[in-house]
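Undergrad: Structure below; questions to follow.
No value in this document is a laboratory result; all are computed from the given coordinates. All of these numbers come straight from a predicted model, not from anything done at the bench. Cβ placement follows ideal geometry from the backbone for every residue including glycine, while neighbour counts extend to all protein chains displayed.
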Amino acid sequence: MKHNEIFDYSNFKSEKTVKSKICFGVVGLAHAHIYRMCNGLISAGAELKYVYEDNETLLENFKKAYPFVEACSCEERIYEKQDIELIVSAAIPSQRAEIAIAAMKSGKDFFVDKAPVITLEQLNAVKEVRRQTERKYFVYYGESIDSESTIFAYDLIKRGVIGEVFYITGSAPHVLNYASRPTWFFEREKSGGILIDIGSHQVHQFLNFTGSDSAEVEFARVSNFSYPQKQDFDQSGEMLLKTKNGITGSFRLDWDAPKGLNTWGDPRTVIEGEKGYIELRKNINIGFDNGADNVFVVTDDGIFYETVGGKVGVSFFADLLQSIAERNNTEAEEIKSFNAIETAIKAQTKALNGDKKFG
């Protein structure tokens, strides 16, 4: 294949907006992902109307970003609003299941930051309420659905550029910014732990790259060498996953990226196939430039490289709004979202059992 055949963007349409006006409210601002989630929805044509957050600082910052939003005095007021169809949340992870259940029972669809839940009990409760209410449930696995390089890699695989995928490796060093992290971030009973938190990104990608609905956890481990004062904190984590048809993936996550990186982290993914491999340098191409969405492809025909940012687009937010407006079937994607977090929870649990935890 030639360069222009590999870096073919004809399967991607320009980012679209939805004609039907979907209005939404926000409950919980604990994670900064809420800004990207709201901006993505607004850019796709939705209207932000209400917010509830009991942390005054977080609320005031949000109102500065969206001065038109109406702050509600309590969470229940948002669920009662008849002019919104969607609830969006980036609350403390341990609280997200309860918010999801309340939102769906009030007749609203739900869009939540990763990790959507942190225990299997929460997951089962959310799945049952979703089944009973038939509301739609979406998860913001940002690295998997909001990265143009990742989206382009999905297309490369579908087009058979590297043949059948058989192995995937991923590393995701993140900058900790210790002093600015809230207390809950260091408490597993509220954050879930590293393999649930940022690990759920990796699991969701793994399922998409392999075309699988589920995966087994072969191995998992967490560690904390540098922060003995934070006994519940996972400084790093590792997991080995395997699909039913034998495709494996190994992933390492940590909060060790140096501040000099000049971005929040340096996530990289290598996807190996029978006819070649793809490497994604999603945030930065260190040593060369600070550009994001770097895609490298190596096949028998040679080495190929492009930055794909601005050429692929992200359709997730428009697709989400369209599925709400048209009530089309999103069950397959919801099952994958549920299975991704279930696998991440099992990995975290495995890491904390027996001798799998060290440091």
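Undergrad: How do THR119, THR183 line up, fewest other C-beta atoms within 10 Å first?
TA: THR183, THR119
Undergrad: Straight-line reach from LYS19: which aspartates and glutamates have a Cα under 19 Å away, not including same-chain ones fewer than 8 places off?
TA: GLU47, ASP83, GLU85, ASP109, ASP319, GLU326
Undergrad: Using Cβ contacts closer than 10 Å as the measure, can you line up ASP146, ASP109 from fewest to most?
TA: By the 10 Å Cβ count, ascending: ASP146, ASP109.
Undergrad: Under the Karplus relation 6.51 cos²θ - 1.76 cosθ + 1.60, θ = phi - 60°, what is the ordered set of whole-Hz ³J(HN,Hα) values for region 213-230, x standing for Gly and Pro?
TA: Karplus-based 3J(HN,Hα) across region 213-230 equals 8, 8, 8, 9, 8, 7, 7, 7, 7, 10, 8, 8, 8, 9, 10, x, 6, 10 Hz.
Undergrad: Step through the table entries LYS49/LYS108; LYS63/LYS114; LYS81/LYS105; LYS21/LYS49; LYS114/LYS158; LYS282/LYS350, compare each Cα-Cα distance with 18 Å, and write down the pairs that go over it.
TA: LYS63/LYS114; LYS114/LYS158; LYS282/LYS350
Undergrad: Okay, next question. Sorting ILE34, ILE286, ILE278 on the 10 Å Cβ count, fewest up front, what's the list?
TA: ILE286, ILE34, ILE278
Undergrad: How large are Rg and Dmax for region 1-51 when only the alpha carbon atoms are used, in Å?
TA: Cα only, region 1-51: 16.6, 51 Å (Rg, Dmax).
Undergrad: From the phi of every residue in region 319-333, what ³J(HN,Hα) in whole Hz does the Karplus formula 6.51 cos²θ - 1.76 cosθ + 1.60 yield, where θ is phi - 60° and glycine or proline is x?
TA: 5, 4, 5, 5, 5, 5, 5, 9, 6, 7, 7, 10, 4, 4, 5
Undergrad: Once the principal axes of the Cα atoms of region 293-359 are found, what is the range along each, listed largest first in whole angstroms?
TA: That works out to 47, 44, 22 Å along the principal axes.
Undergrad: Another one. Per the Kirkwood definition applied to all pairs of different Cα atoms, how many angstroms is the hydrodynamic radius of the chain?
TA: Evaluated over the chain, this radius sits at 21.1 Å.
Undergrad: Can you tell me, using C-alpha contacts under 8 Å and at least 6 residues apart, the relative contact order of the chain as a whole percent?
TA: It comes to 20 percent, rounded to a whole number.
Undergrad: If each DSSP helix of 4+ residues adds -39,500 (n - 2.57) and the sum is divided by the residues in the chain, what number results at 222 nm, nearest 500 deg cm²/dmol?
TA: -10000 deg cm²/dmol
Undergrad: Another question about this same structure. May I ask you to evaluate 6.51 cos²θ - 1.76 cosθ + 1.60, the Karplus curve with θ = phi - 60°, for each residue of region 296-313 and list the ³J(HN,Hα) values in order in whole Hz, giving x for glycine and proline?
TA: Running phi through 6.51 cos²θ - 1.76 cosθ + 1.60 with θ = phi - 60° gives 10, 10, 10, 9, 4, 7, x, 10, 10, 8, 8, 8, 9, x, x, 10, 9, x Hz.
Undergrad: May I pose another question? Contour minus end-to-end for ALA32 and ASP83, with contour as 0.36 nm per residue of separation and end-to-end as the Cα-Cα distance?
TA: That pair, ALA32 and ASP83, stretches by 15.8 nm at full extension.
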